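First the structure, in the form of structure tokens, and then the observations on it.
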Amino acid sequence: MTTLLWQPSAERIEAARMTRFRRFVNERHHLSLDSYAELHRWSVDDLPSFWAAAWDFLEIRASEPFRKPVEDLSMFPGTRWFPGARLNFAENLLRHRDDRTAFIFVGETAAPRRVSYAELYELVSRTAQALRAAGVGPGDRVAGYLPNLIETAVGMLAATSLGAVWSSCATDLGPAAAAERLGQTEPKVLFAVDAYRYKHRAFECLADTARLVDRIPSIERVVVVHYAGDPDPDGAALSGLRGAVHFDDFIGSQPGGDIAFSQLPFDHPAVVMFSSGTTGRPKCLVQSGGGILLNQRKELVLHVDLRREDTIFYVTTASWMMWNWLMSALGVGSTIVLYDGHPAYPDVLALWRLLADLRVSIFGTSASYLASLQRQECQPKDEVDLSALREILQTGSALSPEGFAYVYEAIKADLHFNSISGGTDINGCFAIGSPTQPVYAGQLQGKGLGMKIECYDPDGRPVRDEQGELVCEAPAPSMPLRFAGDPDGRRYHDAYFDVYPGVWRHGDYVRFDSRTGGITFLGRSDAVLKPSGVRIGTAEIYNLVEQLPEVADSLAIGQDWRGDQRILLFVKLAPGEELTRELEVAIAHTLRHDASPRHVPGRILAVPDIPYTLNGKKVETAVAHLLHGRPVTNRDALINPASLDHFASLVEELRAR
């Protein structure tokens, strides 16, 4: 029996923006929708009317109106949304220009820094003018290799105000892995940082940035933000970095003032997100400014019930799509907390003291962080004042029913626990909560408005109350326009549409509850690794590990482990080699140094053989199925099916430790 954990009060339901939107739709279309379930059904049965209603209710700013909401829904992929409309992504985020606080930046050891909406607007204006003077215009690419700083947001806003396309990676990603991503966009300008801190330790970044720039010949200018490095008044520290200039010098002579926002079609590219790189180089997912603006504003205003008076804080880095999602809160006029550092430094209550001090009303985090608190029996409600907190958002990986209960028992009994899931692919959510719905243990509250998602069995039939594939049967505006470097669209098609023709297969196992309407996420159905919610492609691991002379071949999978996911790395050793402690350390060092700490496996095991398909592809999913107790249905497609027997013999040990 699914446990009910929270029910919104009648007053909360009445005040919710979701309720106001439902009444708005009823009045506009002469309907009598009486519940969220009915509103969602209408939203996917009449997608053009829904997205047009969302556009008006959410007050999207455009210099030219759209001719119609969508041209042809049967083009999937390839649907064209809101033809005729002209707008600017950054202009919609910078609609406020007053003294209310836009950002509060907090580092591990730095005093909080506050920037008002008026100050942010001026900073973006000066940066945009400097970028224009550097030759950046519509369609050019600007990249960030930065921590979660105010200047990271400024770079994104300035670039998109000009119609340039933004992409970013956090500095905990090694220069080789960052170049695999950012290099594909061929950026003209790179924003970087001198150093950052993590667990009170300073990490110098200029050498890594130089290696990154050496790998990307398109970069003409490197704008370096001073954060945790030594002062460099004469710029001597930048002498070895091609085209480098300090941020303050870059914008120093620009006067600021009104921003000349480039007015662009709805489907003009605004950001490039990166896939995990499971089968090779990470794919560049080109996404439209109009699409992510409309979808993220829908999620923040309706599903999260975000308001101008809120302070929202999401623990994220600039590599994760949740950073992009958080930036859209600027369009609501809320105060955004940007945090850089370890979430449990100097102790497990560090973030909770911050929430109390800053009067945070909406807090976002990962399943792994909550599971860690639960294991340590941490009771934030007994230690800090959380009276301002009314909502916790959680994503990254599935949280157990016990984890849901822990939130209400140890953090706060009366709050909206809004577990969300979607991904980098759509820069938003397929499944998400609603402030008007009850919360059940282990379940996301339901389907996102306008998201026609289903749970399919292996034959492509919708099912309830049993495990199946998460799919989306209709287009949504924030789905990628295309993949960079994919002129015929083949890679895009193969990534999502090669299993169920004309239907997006997302790569998650789910179960839809016919009684509650809730959705339980059960793990990945593909080879993407997601430790702590961060997407990692297996190819990134193979490309590094298999350069070691002791390793002949390797296989990486994600194992659901203690409320998170850990990476298991299986290595087939070269003849005469053994998996010694020294080799394990060498593998871990290689991955940590050349990729990131998150690429380091939780366990490394030697195996006699690696399973392959008949056409020469490694078979991560079959091993993952074995480990998680699922049937392996593709043995006939393997060139060496007996290789699975050894993996099967390891299952009990790997489940135990």
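If you scan region 206-253, which residues turn out to be hydroxyl-bearing (S, T, Y) and not in a loop (DSSP other than H, G, I, E, B)? Explain how you work it out, then say what you get.
First pass over region 206-253, keeping only residues hydroxyl-bearing (S, T, Y): 209, 218, 227, 239, 253.
Scanning region 206-253 gives a single hit, T209.
Would you mind stating whether P531 is farther than 29 Å from D172 by Cβ, under 22 Å from the mean Cα position of the chain (by Cα) and surrounded by 22 or more Cβ atoms within 10 Å (Cβ to Cβ)? No.
Yes or no: R95 out of contact with any Phe, Trp or Tyr (no Cβ under 8 Å at 6 or more places or on another chain), of a type in the set (K, R) and closer than 19 Å to I312 by Cα? Write out each step before concluding.
On the way: out of contact with any Phe, Trp or Tyr (no Cβ under 8 Å at 6 or more places or on another chain): yes; of a type in the set (K, R): yes; closer than 19 Å to I312 by Cα: yes.
Yes: the conditions hold for R95.
Set side by side, the residues I541, I519 differ, and just one is farther than 22 Å from L470 by Cα and outside the structural domain of P343 (by TED's automatic domain parsing), which is I541.
I'd like the residue in region 43-68 that is among the small types (G, A, S) and in a loop (DSSP other than H, G, I, E, B) and, out of all such residues, is farthest from T19 (Cα to Cα).
Looking only at region 43-68, we keep the residues that are among the small types (G, A, S), and these are 43, 49, 52-54, 62-63.
From the residues that got through so far, the ones that are in a loop (DSSP other than H, G, I, E, B) too are 62-63.
Values: A62: 26, S63: 29 Å.
Residue satisfying both the conditions and the ranking: S63.
Among the numbered conditions (1) in contact with a helix residue (DSSP H, G or I) (Cβ under 6 Å, 6 or more places away or on another chain); (2) outside any loop (DSSP other than H, G, I, E, B), the only one that P641 does not meet is (2). For region 273-282, the criterion of being outside any loop (DSSP other than H, G, I, E, B), touching a residue at least 12 places away in the same chain (Cβ under 8 Å) and crowded, with 20+ Cβ neighbours inside 10 Å is satisfied by at least one residue.
Right, D498: charged (D, E, K, R) and without any contact (Cβ under 8 Å) to a residue 24 or more places away in the chain or not? Answer is yes for this residue.
Scanning region 28-36 for residues that are surrounded by 13 or more Cβ atoms within 10 Å (Cβ to Cβ), touching a residue at least 40 places away in the same chain (Cβ under 8 Å), part of a helix (DSSP H, G or I) and in the same structural domain as Q437 (by TED's automatic domain parsing) turns up at least one hit. Being acidic (D, E) and either without any contact (Cβ under 8 Å) to a residue 12 or more places away in the chain or over 20 Å from V115 (Cβ atoms) (or both) is a condition met by no residue of region 150-159.
Residues L591, L626, L583: which one is under 16 Å from A642 (Cα atoms), among the hydrophobic types (A, V, I, L, M, F, W, C), free of Cβ contacts under 8 Å to residues at least 60 places away in the same chain and in a helix (DSSP H, G or I)?
Working: L591 fails: under 16 Å from A642 (Cα atoms); L583 fails: under 16 Å from A642 (Cα atoms).
One residue alone meets the criteria, L626.
Total residues in region 542-558 satisfying the condition of being touching a helix residue (DSSP H, G or I) at 6+ places or on another chain (Cβ under 6 Å) and either over 19 Å from T580 (Cα atoms) or of a type in the set (D, E) (or both): the figure is 2.
A single member of A192, A260 is surrounded by 15 or more Cβ atoms within 10 Å (Cβ to Cβ) and either in a loop (DSSP other than H, G, I, E, B) or among the small types (G, A, S) (or both), and it is A192.
R22 versus (1) buried (at least 18 other Cβ atoms within 10 Å of the Cβ); (2) touching a helix residue (DSSP H, G or I) at 6+ places or on another chain (Cβ under 9 Å); (3) touching a residue at least 24 places away in the same chain (Cβ under 8 Å): which is the lone unmet condition? All conditions pass for R22, except number (3).
Listed here are the residues, each with its yes/no results for (1) without any contact (Cβ under 8 Å) to a residue 12 or more places away in the chain; (2) buried (at least 24 other Cβ atoms within 10 Å of the Cβ).
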position: F313; (1), (2): no, yes
position: W323; (1), (2): no, no
position: V332; (1), (2): no, no
position: D382; (1), (2): yes, no
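Kindly indicate whether R464 is touching a Ser or Thr at 6+ places or on another chain (Cβ under 6 Å) and modelled with pLDDT of 95 or more. Step through it out loud before you land on a result.
Values: touching a Ser or Thr at 6+ places or on another chain (Cβ under 6 Å): yes; modelled with pLDDT of 95 or more: yes.
So R464 fits the description; yes.
Taking the criterion of being at pLDDT 95 or above and either of a type outside the set (D, E, K, R) or outside any loop (DSSP other than H, G, I, E, B) (or both), the residues of region 467-482 that qualify are L470, V471, C472, A474, P475, A476, P477, S478, M479, P480, L481, R482.
Would you say V439 is surrounded by 22 or more Cβ atoms within 10 Å (Cβ to Cβ), touching a residue at least 24 places away in the same chain (Cβ under 8 Å) and among the β-branched types (V, I, T)? So V439 passes the test.
The one condition from (1) under 25 Å from L294 (Cα atoms); (2) modelled with pLDDT of 95 or more that D194 does not meet is (1). Of all residues in region 72-85, one or more are in contact with a strand residue (DSSP E or B) (Cβ under 7 Å, 6 or more places away or on another chain), closer than 30 Å to V503 by Cα and among the hydroxyl-bearing types (S, T, Y). For E469, the conditions (1) closer than 12 Å to P77 by Cα; (2) buried (at least 19 other Cβ atoms within 10 Å of the Cβ) are fulfilled apart from (1). Screening D513 with (1) closer than 23 Å to P480 by Cα; (2) more than 18 Å from the chain's Cα centre (by Cα); (3) not aliphatic (A, V, I, L, M) gives one miss only, at (1).
Only one of these is surrounded by 19 or more Cβ atoms within 10 Å (Cβ to Cβ), in contact with a Ser or Thr (Cβ under 9 Å, 6 or more places away or on another chain), not in a strand (DSSP E or B) and not assigned by TED's automatic domain parsing to the domain that holds V360: A143, A128, A102, A153. Name it. Just one listed residue meets the conditions, A128. Only a single item in (1) under 17 Å from the mean Cα position of the chain (by Cα); (2) closer than 16 Å to L285 by Cα; (3) without any contact (Cβ under 8 Å) to a residue 60 or more places away in the chain is not met by A164, and it is number (1).
Scanning region 597-615 finds no residues that are more than 24 Å from D526 (Cβ to Cβ), out of contact with any helix residue (DSSP H, G or I) (no Cβ under 7 Å at 6 or more places or on another chain) and in a loop (DSSP other than H, G, I, E, B). Is it the case that some residue within region 503-515 is farther than 22 Å from D459 by Cβ and assigned to a loop (DSSP other than H, G, I, E, B)? Yes; the residues of region 503-515 include at least one that is farther than 22 Å from D459 by Cβ and assigned to a loop (DSSP other than H, G, I, E, B).
So is S434 buried (at least 22 other Cβ atoms within 10 Å of the Cβ), outside any helix (DSSP H, G or I) and at pLDDT below 95 or not? Spell out how you get there, then give the answer.
Details: buried (at least 22 other Cβ atoms within 10 Å of the Cβ): yes; outside any helix (DSSP H, G or I): yes; at pLDDT below 95: no.
Taking the combined requirement at face value, the residue does not satisfy it.
Taking residues in region 357-369 that are over 16 Å from L306 (Cβ atoms), and partners anywhere that are basic (K, R), the pairs with Cβ atoms closer than 9 Å and at least 6 places apart or on different chains are S368/R562.
The values are calculated or read from the model by the stated rules, or taken from the named source; none is laboratory data. This is a predicted model, so every value here is computed, not measured. Because the Cβ atoms are built from the backbone with ideal geometry, glycine has one as well, and the counts that use them run over all protein chains shown.
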